[in-house]
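Inspection log for the structure reproduced underneath, given as C-alpha cells.
The values are calculated or read from the model by the stated rules, or taken from the named source; none is laboratory data. Just so it is clear, the structure is predicted and the values come from calculations on it, not from any experiment. Glycine also receives a Cβ, built like all others from the backbone with ideal geometry; neighbour counts cover every protein chain displayed. When the accessible area is computed, the model is the full protein with side chains, heavy atoms only, and any ligands, DNA or RNA have been set aside. Shrake-Rupley method; radii C 1.70, N 1.55, O 1.52, S 1.80 Å.
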Protein chains: 2
Amino acid sequence: MTTIKATIGVDFGTESARAVLVDVSNGRELASSVHRYESGVIDDHLPGDGTRLPLDWALQDPADYVSALGTTARAVMDEGGLDSSQVIGVGIDFTSCTMLPALDDGTPLCQQPEMRAEPHAWVKLWKHHAAQREADLINETARKQGNSWLRRYGGKTSSEWFFAKSLQILDEAPEIYRRADRLIEAADWSVWQLTGVETRNSCTAGYKALWSKKSGFPDQEFFGDLAPGFAGVVDEKMSRQISPLGGRAGEVTTGAATWTGLQPGTPVAVANVDAHVSVPAVKVVAPGSLVAVMGTSTCHMALGSTEREISGFCGVVEDGIIPGFFGYEAGQAAVGDMFAWFTALLTNPALAGGATVTDPMSVHRVLENEASRLRPGESGLVALDWWNGNRSVLVDADLTGLLLGATLATNPADIYRALLESTAFGTRVIVEALEQAGIPVNEVVACGGLPFQNRLLMQLTADITRRPVRVASSRQAPALGSAMFAAVAAGPDGGGYESIVEASERMTRPSLEEFLPDEADAGVYDHLFEVYRELHDSLAVNDSPMRRLRSLQQRADNGATR
Amino acid sequence: MTTIKATIGVDFGTESARAVLVDVSNGRELASSVHRYESGVIDDHLPGDGTRLPLDWALQDPADYVSALGTTARAVMDEGGLDSSQVIGVGIDFTSCTMLPALDDGTPLCQQPEMRAEPHAWVKLWKHHAAQREADLINETARKQGNSWLRRYGGKTSSEWFFAKSLQILDEAPEIYRRADRLIEAADWSVWQLTGVETRNSCTAGYKALWSKKSGFPDQEFFGDLAPGFAGVVDEKMSRQISPLGGRAGEVTTGAATWTGLQPGTPVAVANVDAHVSVPAVKVVAPGSLVAVMGTSTCHMALGSTEREISGFCGVVEDGIIPGFFGYEAGQAAVGDMFAWFTALLTNPALAGGATVTDPMSVHRVLENEASRLRPGESGLVALDWWNGNRSVLVDADLTGLLLGATLATNPADIYRALLESTAFGTRVIVEALEQAGIPVNEVVACGGLPFQNRLLMQLTADITRRPVRVASSRQAPALGSAMFAAVAAGPDGGGYESIVEASERMTRPSLEEFLPDEADAGVYDHLFEVYRELHDSLAVNDSPMRRLRSLQQRADNGATR
C-alpha cells in the first residue's frame, strides 16, 4: 500500500475560509476545516478605534486571512491524520476583486500603527460599493476614447473592480495612495505571505483589472485621463508580469512553515478566484458546458475556443479559467438572496404575532414542497428576477423586480415558484446570448450551496433552458478546485499532475444527480419565456415605467429630510 | 317636549342584516341591531338534505330575511325605548342582484317541500358566479343586434345580474323556471312580505335588469333569441310597473305586524340597493361628489344632470339613486380584499412557526403606521390593483395584479403602501372618466367600513385624486339611508319628509373628518399616476404579457388531472 499524497485547497469566502485536504490520486476529501474571520465584514466601524464607515463601504482585515490559512491548514492535516510531508502542494482561491494597499515587503498599510484609523488603508472587500463615481468615470472615459478593451467587458465595468477601488484611494486619501508601494488582490497577497514572492494571477488581472494576454493593461494615457497622478498606477503599484493559472507561484517559506505547519518548500499554486476555480472542480475543462455557481447570487462561466464580445457579459479572458480557452463570465445578481427576501417577508416576527422562525430553511422546504406540486403556468404568475438589478445581459443596477399575475387566490408557494422560474428564465437569457455568439452550451453544471438545497430550482432550470442540469458532486467546489491547482503546481515530479485538465480528470467524481428537461413542461415554459422576454426587453428600455419609477424613487431619496 | 318620531332602516348584507332606529328630526341613531343569517352564504351544500353545490354557486335562504327583519325591528324598538306607535316608517336596502323564484302569493319555491333539494329553487346571492355562460350569451346577442341599451352598461353586462341568473334557471332547471310565477329581487320580495304588495324598485331594475325609465326593458325578441321560452320573461315572471325610489311601497300588514312588532299600517318605502341608498345618507343629493362605499370592494356613485355613456362603467340609470338625476355607478373589484390578501400572506401560520395571528387588524395597524412614514415614490414600487380583475373602466375579470419595482430592500410596509396607492390610482381613473364625460367630481365622500380603519388610504385618495376626501359620519350609511327613505315614505303628513333631498338635509350630520390633498405629495403622485396609467393601458390590450399569462394559466387549469 502506497502512502497517501494530498494537496490542500483553501477557499477564502466573505465571512470565513474553508480548507479541504484532498487525496491527489482520486480527489477524495480527507478532511475539511472552516475558520470564521474575527473581524468578518467591516462595514460599520473600523476595529479598535471605532472610526465610522460611510454607507456602501465593506472592508476586511488581512490579519484574518493569515490566521485562517494557518489554522485551517493545521486542522485538516490533524483531522486527516496526515503528516505535512504527505502534502505535496497548496492552492488558494478568493473572493474578487478584494484588494489592499501594502508596502514593498508585503506589509499591509493598515498594519502600520499610524494608518490604522484610515479606512482606505484596509482591504476593500469585493462588495465594497463606494467607488461608483470612479467606475462611472472609467466607463465614460473609455467610451469617449473608444477603447476597444471595454467591449471585452460587455461595454461596462463595475464599481467592484480593481481600478475603481484604486482610484477611490487616490481621490479620497491621496496620502495612502502615495504610501502604498503595492496595490494587490488579497488572493495574490496571501500567496505572497506563503511564498515570499509577489505574483499576480491572470484570472483577477483579466476579469477585474482590464488586463488581457494579447494587449496587457489599458495604456498610461487612459489612466492619466482619469486623475492626475494615476497614469503610472500599473508600473508604480502593480506589475505587468502576470502569472498564468496552473503555474507555481513559489514554495512555502521557512517562516510560513512555522505558522502553517506545512513543510518548507511545499509548492504553492498561482492564486485564483472562487467562482472560476470551481470550473475544473466540476469536471469542465473544455467548451460545451455552462457552470453555474449558485448561492446568494449566481456566477455563470463557459469556455470558448474563440474570442467573442457578448453585450452585457461580465468579461471574456483568454486563459482566464482553463488555459487554452477563452473564459466567459456572466451573472445573476439576486438568486438565493431573492428567495431569502421572500421567506423573510413571509415570516416577519413583528407581524406574525411575535413568532421568530428559528430555522429559515424549514420555510424554504415547505414552500419548495408546495411549489413543486404546481404545473407550469398554473400559478398565473411571472416574475422578473431583478431584485438586485440585472447583471447579465443588461448590466444595470437600476432595474428592479416585478411580479405579474397576482390574484386573491395567489398563495406563498405560487410566488415562490414564480421567483424560482424567473431565475431559470434569467439563466436562459444568458444561455441564448452565449449560443448566439457561437459558444456552445449543451448542459448546465450547478455547484455552490443552492443546488443542494433546492431540487425544484434544478428541475426548473432544466425545463426552462431545455438542457440537462448536472449537480456537481462536491459541496466545496472552490476548495477542491484549489486543491487541483495545487496538484498542478506540484507537477508530475512532485506527485501531482501535468495540467489542470489531467488533474480535473483524476480528481473529480461523478455528478451527484442529473435533472433532465421534461418535454411537456419545457413546451409550456417556452411560452412563458416569451412573456418573460417581452417584459425583460420592454421594461429595460429608456423611459420605461420601471425606469421612471426608479428615478422618482431617487428623487424621493434626494428630497429626504429624515 | 315632543315625543320622538323615528324610522327604522334595515340593511341586508351578505352575512347578516343590520337595523337602525333613527330620530326623524335630526338623524340621531337611537338604537341598532345585527342579526346573522342562520344559513349565511350557502355555497357548499343545501341546508337539510346536503345536496352539494357546484363551484361558483352562492345561495341564501329567504326565511333568514324574514327572521332578520322581525328580530332586528323588535330589538331596536326595545333598545331605543320607543313604542311602535312612534315608528312612522320602515325602509330596507339589500345586496343586489340577489333574486329568487316565487309563487304568485310570494311563497319562495324553496319553501315548497318537493323543491327543497333543488338548488335553483333558492335565492341566488349577488356573488353567485355560475351564470357566466348566460352573461356571455346576453352580451354577445346584444352586441350582434346592436342593442343601444348595452352602452348604458359600459358595453358589457355581468354574470351577477338579473337576466343571467334567470336564464340559468331556465337552462339548467326548466321545471323550476316553469313553476316560478315570479322572479324577483330579494329586496322587493322582503317589502312584499311586509306589505302584501309586490313592487319592483327602479334601482335594481335599472342597474341589474336592463330597465330604463325611457325605454323600459329590452324587447321580447331579444329575450327570445337567448333561449326558446325566455321571450316572455318580463311579462310572465316580472312586471313592467317599476316603482320610483322615494315612493311608498305600501303599509305593514296585520300579519307582518305580528312578526315585526310594528303597527299595522306603518308606511314601507320602496326597496333600494345597499350602495345606492348610502348616497343621501352621506348628504349627497346633487351632482359634484363621488360617493365611495369602501369595503372588501368599492362601489363608486356619482350624480349627473345628463345621460352620458361612459365606457367601462357599471351603469347609468335615470332616477337610479336620487330622483331627478342620472345615477352613475362604477367599481373597484378588490380593495379591502386585496389588503387582507397581503396581510394573510404575511402571517401564514404554516410558515411563521405555527403562530396564528389572533387579530388581523393589528397587522393592518402596524403596516399602516409604518407605511404612513414613507414619502411618495420612496418605496420605488407601483402596483396595479387588479387582484380580482378590473371592474371600472376595463370591465375584465381576466386582468390580474402587478407589483413593479421590488428590490432586496423592499419591506412589507413598502408593499402595503403600494397596494393602498394602487387603489387610489384606480379611483383616479374613475374620476377622470367621469369628468371627461362632463360629470363633475369636486370631492370624494367615503363611507363603508374601510374609511374608519385606514386613515392613510383616505389621505392617499385625497393626494392622488387631488380632491378633498370627506369621511361620512355614520358607520351605518346604508341603514341610515333606508331610514331616510322610510321618512320620505311616511311623507310630511305622516311626520316625515317631502323628498329624499329634504330628508338628507335634516337627517345627516357633519362629516367625521376631511382629508385635503397635500400639494407637494400630489405633484409626485401625478408622475406616479402616469406610470400607473401607462401600465394600466398597455397591459390591458389584447395579447399583452398579462393576457398571455392568463391564457396559459387557463390552459394549465384545463390540463389539470388532479
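Of the helices (runs of 4 or more DSSP H) contained entirely in the stretch A:174-234, those carrying at least 1 residues that are within 24 Å of A:Met301 (Cα to Cα) and either in contact with a helix residue (DSSP H, G or I) (Cβ under 7 Å, 6 or more places away or on another chain) or open to solvent by 20 Å² or more (accessible area, probe 1.4 Å) (or both) fall at A:186-195, A:202-208.
Selection of the stretch B:386-400 for residues being in a loop (DSSP other than H, G, I, E, B) and either at the interface with chain A (Cβ under 10 Å from one of its Cβ atoms) or at negative phi (or both) yields B:Trp386, B:Asn388, B:Arg391, B:Ser392, B:Val393, B:Leu394, B:Ala397, B:Asp398, B:Leu399, B:Thr400.
Somewhere in the stretch B:380-391, is a residue closer than 28 Å to A:Leu539 by Cα, of a type in the set (A, V, I, L, M) and open to solvent by 20 Å² or more (accessible area, probe 1.4 Å)?
no
Within the stretch B:343-365, does at least one residue satisfy the condition of being away from chain A (no Cβ under 14 Å), farther than 21 Å from B:Phe425 by Cα and either part of a helix (DSSP H, G or I) or not aromatic (Phe, Trp, Tyr) (or both)? No: zero hits. Pick out the one residue from B:Leu403, B:Leu408 that is part of a strand (DSSP E or B) and open to solvent by 10 Å² or more (accessible area, probe 1.4 Å). B:Leu403 is the lone residue from the list that is part of a strand (DSSP E or B) and open to solvent by 10 Å² or more (accessible area, probe 1.4 Å). Does the stretch A:441-460 contain any residue that is among the small types (Gly, Ala, Ser), within 30 Å of A:Thr343 (Cα to Cα) and in contact with a Pro (Cβ under 6 Å, 6 or more places away or on another chain)? No: zero hits. Report, ordered by the first and then the second residue, all pairs with beta carbons closer than 8 Å, sequence separation of six or more or different chains, a first member in the stretch B:125-145 that is open to solvent by 30 Å² or more (accessible area, probe 1.4 Å), and a second member that is in a helix (DSSP H, G or I) and modelled with pLDDT of 95 or more. These pairs meet every condition: B:Gln132/B:Ala164; B:Arg133/B:Gln168; B:Arg133/B:Asp171; B:Leu137/B:Leu167; B:Leu137/B:Leu226; B:Gln145/B:Phe222; B:Gln145/B:Asp225. Give the stretch B:316-342 a look and list any residue that's away from chain A (no Cβ under 14 Å), touching a Gly at 6+ places or on another chain (Cβ under 7 Å) and under 18 Å from B:Asp274 (Cβ atoms), or say none. Correct list: B:Val317, B:Gly320, B:Ile321, B:Gly327, B:Tyr328, B:Glu329. Scan the stretch B:26-79 for residues that are acidic (Asp, Glu), out of contact with any Gly (no Cβ under 9 Å at 6 or more places or on another chain) and in a helix (DSSP H, G or I) and the total you get is 1. Out of all the residues in the stretch B:372-385, which are within 7 Å of chain A (Cβ to nearest Cβ) and in a strand (DSSP E or B)? Result: B:Val382, single match. Cβ-Cβ contacts under 8 Å between residues 6 or more apart (or on different chains), taken from a first residue in the stretch B:447-470 that is on the phi > 0 side of the Ramachandran plot to a second residue that is open to solvent by less than 20 Å² (accessible area, probe 1.4 Å), are listed as B:Gly448/B:Ser278; B:Gly448/B:Ala292; B:Gly448/B:Met294; B:Gly448/B:Thr298; B:Gly448/B:Ala477; B:Arg466/B:Ala522.
In the set A:Glu421, A:Glu435, only one residue is part of a helix (DSSP H, G or I), within 14 Å of chain B (Cβ to nearest Cβ) and either out of contact with any Lys or Arg (no Cβ under 6 Å at 6 or more places or on another chain) or in contact (Cβ under 8 Å) with a residue 24 or more places away in the chain (or both); that residue is A:Glu421. Restricted to the stretch A:290-331, and to residues there that are hydroxyl-bearing (Ser, Thr, Tyr) and in a loop (DSSP other than H, G, I, E, B), the residue that is least open to solvent (accessible area, probe 1.4 Å) is A:Ser297. Consider the stretch A:296-315 and keep the residues that are within 18 Å of A:Phe425 (Cβ to Cβ) and within 13 Å of the chain's Cα centre (by Cα). The one that is farthest from the other protein chains (Cβ to nearest Cβ) is A:His300.
Pairs meeting the criteria (first residue in the stretch A:525-540 and more than 7 Å from chain B (Cβ to nearest Cβ) and under 10 Å from A:Phe425 (Cα atoms), second residue assigned to a helix (DSSP H, G or I) and open to solvent by less than 20 Å² (accessible area, probe 1.4 Å), beta carbons under 6 Å, at least 6 apart or on different chains) are A:Tyr525/A:Asp463; A:Tyr525/A:Ile464; A:Phe529/A:Phe425; A:Tyr532/A:Phe425.
One line per residue, one yes/no per condition, for (1) over 25 Å from the mean Cα position of the chain (by Cα); (2) on the phi > 0 side of the Ramachandran plot; (3) of a type outside the set (A, V, I, L, M):
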site	(1), (2), (3)
B:Val20	no, no, no
B:Glu29	no, no, yes
B:Asp43	no, no, yes
B:Met77	yes, no, no
B:Leu82	yes, no, no
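Scanning the stretch B:146-173 for residues that are surrounded by 20 or more Cβ atoms within 10 Å (Cβ to Cβ), at pLDDT 95 or above and part of a helix (DSSP H, G or I) returns B:Phe162, B:Phe163, B:Ala164, B:Lys165, B:Ser166, B:Leu167, B:Gln168, B:Ile169, B:Leu170.
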